[in-house]
Amino acid sequence: MSQHYYSQQPEASHNRRTISTVLRGKSLRFTSDAGVFSKGDIDYGSRVLIEAMDIPEGSAVLDVGCGYGPIGITAAHLAPKGHVTMIDINNRAVELARENSLQNGIRNVTVMQSDMLGALNGKKFDVILTNPPIRAGKAVVHGIFEQAYDHLNEGGTLWIVIQKKQGAPSAAVKLESLFGSVEEVGRDKGYRIIKAKKQNK
């Protein structure tokens, strides 16, 4: 089986490139590399999520599967009084996300390697964002949803982007079983943006 981006230590030879783009009205520059997700450009699903996500400016935010950082870095820009934690299993992606945070002048971030949410030691967040690693399989994706629920503060929200053909209906069912309150807040070219809110007890 060939290795893909959901690998802890990518073996692909380095092939660094620079991506210049505008996200939520801010000009940003990202360095990407072989062995990470969507190395050639920011993928359409991430762009759809970035345009839809609502980040209150003082939020504690978690970006799960951050890749080289476009979602988390944009969230940090939208929440200047908050803090964004960005995690990925892929150590090359983690290094790039750190580099990209610095080169875009973003300081309110922490980037760390983590298999799913395992390295967070119970830390809780107001907002969790994820473009889940579909190629890792349904068990991993649904496991991320379960762990996200446990790491959300009451009243906190989980935002996901997923294609209909890659499991959006089953993802919605899983999220409803966990959260109860689930809303489809956007759709674009087959992508669905789903927001799940953790209810106050």
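The values are calculated or read from the model by the stated rules, or taken from the named source; none is laboratory data. Since the structure is predicted, the reported quantities are computational estimates derived from the model, not experimental observations. Positions of Cβ are generated from backbone atoms using ideal geometry, with glycine treated the same way; all protein chains shown enter the neighbour counts. Side chains included, ligands, DNA and RNA excluded: accessible areas come from the protein's heavy atoms. Shrake-Rupley method; radii C 1.70, N 1.55, O 1.52, S 1.80 Å.
Figures for the structure shown
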{"quantity": "Enumeration of residues in the stretch 125-164 that are in contact with a Phe, Trp or Tyr (Cβ under 8 Å, 6 or more places away or on another chain), part of a strand (DSSP E or B) and of a type in the set (Gly, Ala, Ser)", "calculated": "GLY156"}
{"quantity": "Boolean, ALA196 is at pLDDT 95 or above, not hydroxyl-bearing (Ser, Thr, Tyr) and not in a strand (DSSP E or B)", "calculated": "no"}
{"quantity": "The stretch 56-84, residues that are within 16 Å of ASP126 (Cα to Cα) and of a type in the set (A, V, I, L, M, F, W, C)", "calculated": "ALA60, VAL61, LEU62, VAL64, ILE71, ALA75, ALA76, LEU78, ALA79, VAL84"}
{"quantity": "The one condition in (1) hydrophobic (A, V, I, L, M, F, W, C); (2) surrounded by fewer than 19 Cβ atoms within 10 Å (Cβ to Cβ); (3) part of a helix (DSSP H, G or I); (4) touching a residue at least 60 places away in the same chain (Cβ under 8 Å) that VAL185 fails to fulfil", "calculated": "(3)"}
{"quantity": "Enumeration of residues in the stretch 58-75 that are in a strand (DSSP E or B) and open to solvent by 10 Å² or more (accessible area, probe 1.4 Å)", "calculated": "ALA60"}
{"quantity": "The stretch 76-89: number of residues that are open to solvent by 20 Å² or more (accessible area, probe 1.4 Å), over 16 Å from ASN104 (Cβ atoms) and touching a residue at least 40 places away in the same chain (Cβ under 8 Å)", "calculated": "1"}
{"quantity": "Residue, most open to solvent (accessible area, probe 1.4 Å), within the stretch 123-173, restricted to residues that are of a type in the set (Lys, Arg) and at pLDDT below 95", "calculated": "LYS165"}
{"quantity": "Unmet criterion (only one of (1) closer than 26 Å to GLU57 by Cβ; (2) touching a Gly at 6+ places or on another chain (Cβ under 9 Å); (3) open to solvent by 10 Å² or more (accessible area, probe 1.4 Å)) for THR110", "calculated": "(2)"}
{"quantity": "Long-range neighbours under 7 Å by Cβ, at least six apart or interchain, first residue farther than 17 Å from ILE19 by Cβ within the stretch 46-70, second part of a loop (DSSP other than H, G, I, E, B) and of a type in the set (Val, Ile, Thr)", "calculated": "VAL61/ILE55"}
